[in-house]
Amino acid sequence: MAIETVGIIGAGQMGSGIAHVAALAGYKVLLHDISEENIEHGIATINGNMARQVASGKLDEKARTDALSRITPAPSIEDLASVDLAIEAATEDETVKRKIFAQLCPVLNPEAVLATNTSSISITRMAAQTDRPERFIGIHFMNPVPVIKLVELVRGIATEDSTFETARAFVTDLDKTITVAEDFPAFIVNRILLPMINEAIYTLYEGVGTVDAIDTAMRLGANHPMGPLQLADFIGLDTCLSIMQVLYEGLADSKYRPCPLLVKYVEAGWLGRKAGRGFYDYRGEHPVPTR
């Protein structure tokens with residue numbers, strides 16, 4: 001089916017990023033969140049990010065204003081009744097996602113495709129909780145969405161070919177590169193990336209190196225653009241922990257055990273950049289390592 005209107009549930013970092021690229025590609029976007037304040041904040045974020053693209057010459061002003069005009073707040077879940085594609089982009093918590101699907105499915109057009117932006121949770125299991133497992137698919141965008149070119153497409157066991165092809169056409173239209181992943185815990189990118197980050201946290205936990213030493217070693221020694229602890233802060237330590245728990249529980253292998261230090265930081269509310277503190281303290285003029 002042809003996608004014209006996209007509904008996005010969740011106006012946070014990921015949802016606003018998906019709305020950004022979809023609107024730029026010419027799609028009408030309905031942006032929903034649990035509060036109108038969150039939606040307003042999400043649209044303000046999109047506006048600011050597009051303004052930076054204009055300032056850097058990556059976007060012209062008309063394209064920015066045209067794209068913004070395609071984004072409409074959808075304060076009620078019923079506002080999404082007319083969408084052709086609904087993308088859930090809520091927090092990485094299966095209970096939260098299931099509640100969203102339970103509210104969303106009764107109002108959606110029966111022909112609409114339902115997608116989740118989950119970075120680790122079983123597509124098959126979530127699809128089975130909906131009224132349309134055949135029209136359910138994982139479309140995993142990477143953060144920050146306007147910058148990162150890759151999108152993982154993940155089929156559940158019931159996902160029909162037509163659903164996959166619709167999702168593929170949509171993502172291609174966003175000028176993204178697709179990689180197809182099987183429905184195993186954390187898919188491809190996070191199956192490889194998060195254990196590396198977890199190992200970096202173990203390296204810190206065991207006193208092998210400081211935050212600065214570990215990040216410098218991986219930036220300069222492995223030529224990574226960002227150190228693993230800095231990257232963890234950027235992703236969000238709560239999200240890192242959720243993904244490691246999915247890997248540990250889903251694969252039953254001790255090598256995926258979340259580092260106790262990661263658990264402690266999350267328990268303290270030190271979730272990374274979004275909380276002002278993680279492995280770095282972001283409350284001053286420059287980030288300062290916390291260990």
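Read the figures in this text as sums done on the coordinates, not as results from a lab. Computed from a predicted model, the values in this text were never measured in an experiment. Note that each Cβ is placed from the backbone with ideal geometry, even for glycine, and that neighbours are counted across all protein chains shown.
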- May I ask you to list the residues in the stretch 241-258 that are assigned to a loop (DSSP other than H, G, I, E, B) and in contact (Cβ under 8 Å) with a residue 60 or more places away in the chain? 258
- Message: Among (1) assigned to a helix (DSSP H, G or I); (2) under 17 Å from the mean Cα position of the chain (by Cα); (3) of a type in the set (A, V, I, L, M, F, W, C), there is one condition residue 201 misses while meeting the rest; what is its number?
- Response: (2)
- Note on the structure: Scanning the stretch 56-89 residue by residue, those farther than 17 Å from residue 23 by Cα and of a type outside the set (Ser, Thr, Tyr) turn out to be 57, 75, 77, 78, 79, 81
- Task: Just one of (1) surrounded by 15 or more Cβ atoms within 10 Å (Cβ to Cβ); (2) in a helix (DSSP H, G or I) trips up residue 87, so point out which.
- Result: (2)
- Which of (1) over 17 Å from the mean Cα position of the chain (by Cα); (2) closer than 26 Å to residue 165 by Cβ; (3) in contact (Cβ under 8 Å) with a residue 40 or more places away in the chain does residue 89 not meet, given it meets every other one? (1)
- Item | Criterion (of a type outside the set (A, V, I, L, M) and part of a loop (DSSP other than H, G, I, E, B)) met by exactly one of 183, 212, 238 | 183
- Out of the residues in the stretch 61-84 that are touching a helix residue (DSSP H, G or I) at 6+ places or on another chain (Cβ under 7 Å) and in a loop (DSSP other than H, G, I, E, B), which is surrounded by the most Cβ atoms within 10 Å (Cβ to Cβ)? 74
- Task: Kindly indicate which of 45, 118, 130, 95 is within 19 Å of the chain's Cα centre (by Cα) and part of a loop (DSSP other than H, G, I, E, B).
- Result: 118
- Query: Taking only pairs six or more apart or across chains, which ones have beta-carbon atoms under 8 Å, a first residue in the stretch 92-112 that is within 20 Å of residue 240 (Cα to Cα), and a second residue that is β-branched (Val, Ile, Thr) and outside any loop (DSSP other than H, G, I, E, B)?
  - Reply: 92/239; 92/243; 97/116
- Starting from the stretch 259-281, take each residue that is without any contact (Cβ under 8 Å) to a residue 24 or more places away in the chain and list its partners that are among the aromatic types (Phe, Trp, Tyr), counting only C-beta distances under 8 angstrom and pairs at least six apart or across chains. 276/282; 277/270
